[in-house]
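Novice: After the structure tokens below, expect a handful of questions from me.
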Amino acid sequence: MKIELLSADPTQAMSEIADCVRLQKEVGWGDETVPSHVFRADSINVVDASIDLGYVLIAKGAGGVEGFARVTTTKDPKVHWLHEIVVGPHSQSKNLGFQIMNKVREESLCRGAQSLLFTYDPIEAHNGNLYLTKCRAEAPKVYENLYGNLGSKAHANRMSHRLLVHWEFKKAPITIPDIGDVPEVLELSDITSDFIKVEVPFRIQMLSAEDSSEWQKRVYPVLVHAINALRYRAVYLHADKLTERAHLVLAR
Ligand SMILES: CC(C)(COP(=O)(O)OP(=O)(O)OC[C@H]1O[C@@H](n2cnc3c(N)ncnc32)[C@H](O)[C@@H]1OP(=O)(O)O)[C@@H](O)C(=O)NCCC(=O)NCCS
């Protein structure tokens, strides 16, 4: 699998962009899909170095584009913003997301950035595993219903609560204690020790809209209180594949 910038050839680039739009549909984003002209605008510096809105990376295999990441610049040249990362359903959980994130790190470092900001839904354990556990990024803030109520199939009936993730490319990751030694938060009054854990659903995609909404109501107040009020950061996602249970680990 090759991970590279969109092609500098406009015809080839538009065909790769069409694949990026297709991948978003395949993961269920429906009406929330980012259209091709936005990809084109954000990759324009591929053909004109005087414009730097960001870049788009694509992962190309034998069957075409299997994943992508769209990154934009911010007013701080040392900070980039990851708008989307998508890996096609058949290529997920095979380390491709991690390879794309590492290429983003490399590309952003090359362009002078030292960190990447982005958001993800804290009840998506799969995503938390990639960002917190594999990349070792940290989430220092929670936003309530950031994008409003998204109409896509993948997010039906869920509020768009999001963790803000900060990936400092050169920061050494903190050491996480054995998960069995980390106290579980069941009530807000349990938030006392340096490390705490809160359970999140293992596979949100398998749950009914009602059940996902119940999980949100359980997890979100803990995150808001611990992170926004008490200044904890989400630092790790522990997934037990045998018992199919997942916990977010927060550190103070
Ligand atoms: C999120 C996404 C980009 C991850 O890509 P990916 O290629 O699956 O990522 P990786 O395989 O590198 O890493 C995922 C890790 O999560 C693990 N994982 C898979 N399902 C999991 C689950 N239900 N709970 C916890 N971890 C899970 C994988 O096994 C893998 O860990 P491992 O390498 O230790 O085995 C991809 O799933 C995706 O495109 N999802 C749909 C779109 C989306 O949500 N985009 C991100 C928006 S913020």
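Novice: Within segment 163-204, how many residues are assigned to a helix (DSSP H, G or I), modelled with pLDDT under 95 and under 18 Å from Asp240 (Cβ atoms)?
Specialist: If we filter segment 163-204 for residues that are assigned to a helix (DSSP H, G or I), which is where we start, we get 179-181, 188-190, 204.
Imposing the further condition that a residue be modelled with pLDDT under 95 reduces the set to 188-190, 204.
Subsequent filtering for residues that are under 18 Å from Asp240 (Cβ atoms) retains 204.
Residues flagged as assigned to a helix (DSSP H, G or I), modelled with pLDDT under 95 and under 18 Å from Asp240 (Cβ atoms) within segment 163-204 amount to 1.
Novice: Here's something else I'd like to know. Answer with yes or no whether Leu146 is closer than 24 Å to Phe202 by Cβ and in a strand (DSSP E or B). I'd like the intermediate steps shown before the answer.
Specialist: Numbers: closer than 24 Å to Phe202 by Cβ: yes; in a strand (DSSP E or B): no.
No.
Novice: Moving to a separate point now. Can you tell me how many residues within segment 94-107 are within 19 Å of Ala172 (Cβ to Cβ) and touching a Phe, Trp or Tyr at 6+ places or on another chain (Cβ under 7 Å)? Let's see the steps before the verdict.
Specialist: Here is the first cut: in segment 94-107, the residues within 19 Å of Ala172 (Cβ to Cβ) are 98, 101-102, 105-106.
Now narrow it down to the ones that are touching a Phe, Trp or Tyr at 6+ places or on another chain (Cβ under 7 Å): 105.
The qualifying residues number 1.
Novice: Which of the residues that make up segment 205-252 are charged (D, E, K, R), more than 13 Å from Val182 (Cα to Cα) and either touching a Ser or Thr at 6+ places or on another chain (Cβ under 9 Å) or in a helix (DSSP H, G or I) (or both)?
Specialist: Within segment 205-252, the first condition is being charged (D, E, K, R), and the residues that meet it are 210-211, 214, 217-218, 231, 233, 240-241, 244-245, 252.
Keeping just the survivors that are more than 13 Å from Val182 (Cα to Cα) gives 210-211, 214, 217-218, 231, 233, 240-241, 244-245.
Once the filter is applied, which keeps residues that are charged (D, E, K, R), more than 13 Å from Val182 (Cα to Cα) and either touching a Ser or Thr at 6+ places or on another chain (Cβ under 9 Å) or in a helix (DSSP H, G or I) (or both), segment 205-252 yields Glu210, Asp211, Glu214, Lys217, Arg218.
Novice: Is it the case that some residue within segment 159-180 is within 14 Å of the ligand (Cβ to nearest atom), among the basic types (Lys, Arg), under 25 Å from Thr74 (Cβ atoms) and surrounded by 17 or more Cβ atoms within 10 Å (Cβ to Cβ)?
Specialist: yes
Novice: Only one of (1) at pLDDT 95 or above; (2) touching a Gly at 6+ places or on another chain (Cβ under 7 Å) fails for Ser160. Which number is that?
Specialist: (1)
Novice: How many residues does segment 77-125 contain that are within 12 Å of the chain's Cα centre (by Cα) and polar (S, T, N, Q)? First the steps, then the outcome.
Specialist: Filtering segment 77-125 for residues within 12 Å of the chain's Cα centre (by Cα) gives 81-87, 97-98, 100-101, 116-125.
The next check asks that each one be polar (S, T, N, Q); those that pass are 119.
Total satisfying the criteria: 1.
Novice: One residue is enough: does segment 37-54 have a residue meeting the conditions of a type in the set (Ser, Thr, Tyr), in contact with a helix residue (DSSP H, G or I) (Cβ under 6 Å, 6 or more places away or on another chain) and surrounded by 16 or more Cβ atoms within 10 Å (Cβ to Cβ)?
Specialist: Taking segment 37-54 and keeping what is of a type in the set (Ser, Thr, Tyr), we get 43, 50.
Filter once more, so that each one left must be in contact with a helix residue (DSSP H, G or I) (Cβ under 6 Å, 6 or more places away or on another chain): none.
No, every residue in segment 37-54 fails to be of a type in the set (Ser, Thr, Tyr), in contact with a helix residue (DSSP H, G or I) (Cβ under 6 Å, 6 or more places away or on another chain) and surrounded by 16 or more Cβ atoms within 10 Å (Cβ to Cβ).
Novice: Looking at segment 240-250, which of its residues are surrounded by fewer than 19 Cβ atoms within 10 Å (Cβ to Cβ) and either in contact (Cβ under 8 Å) with a residue 24 or more places away in the chain or within 21 Å of Tyr131 (Cβ to Cβ) (or both)?
Specialist: Filtering segment 240-250 for residues surrounded by fewer than 19 Cβ atoms within 10 Å (Cβ to Cβ) gives 240-245.
Passing the criteria: Asp240, Lys241, Glu244, Arg245.
Novice: Under the condition of being part of a helix (DSSP H, G or I) and more than 12 Å from Arg203 (Cβ to Cβ), which residue from segment 128-143 is farthest from the ligand (Cβ to nearest atom)? Walk me through it before giving the result.
Specialist: Within segment 128-143, the subset part of a helix (DSSP H, G or I) is 128-134.
After this cut, where a residue has to be more than 12 Å from Arg203 (Cβ to Cβ) as well, the list is 128, 130-134.
Working: Gly128: 7, Leu130: 4, Tyr131: 8, Leu132: 10, Thr133: 7, Lys134: 6 Å.
Checking each candidate, the answer is Leu132.
Novice: Hey, could you check segment 203-239 for residues that are touching a helix residue (DSSP H, G or I) at 6+ places or on another chain (Cβ under 6 Å) and free of Cβ contacts under 8 Å to residues at least 60 places away in the same chain and say which is surrounded by the most Cβ atoms within 10 Å (Cβ to Cβ)?
Specialist: Tyr232
The values are calculated or read from the model by the stated rules, or taken from the named source; none is laboratory data. Predicted model only: the values in this text are computed from it and were never measured. Backbone-built Cβ (ideal geometry, glycine too); neighbour counts: all protein chains shown.
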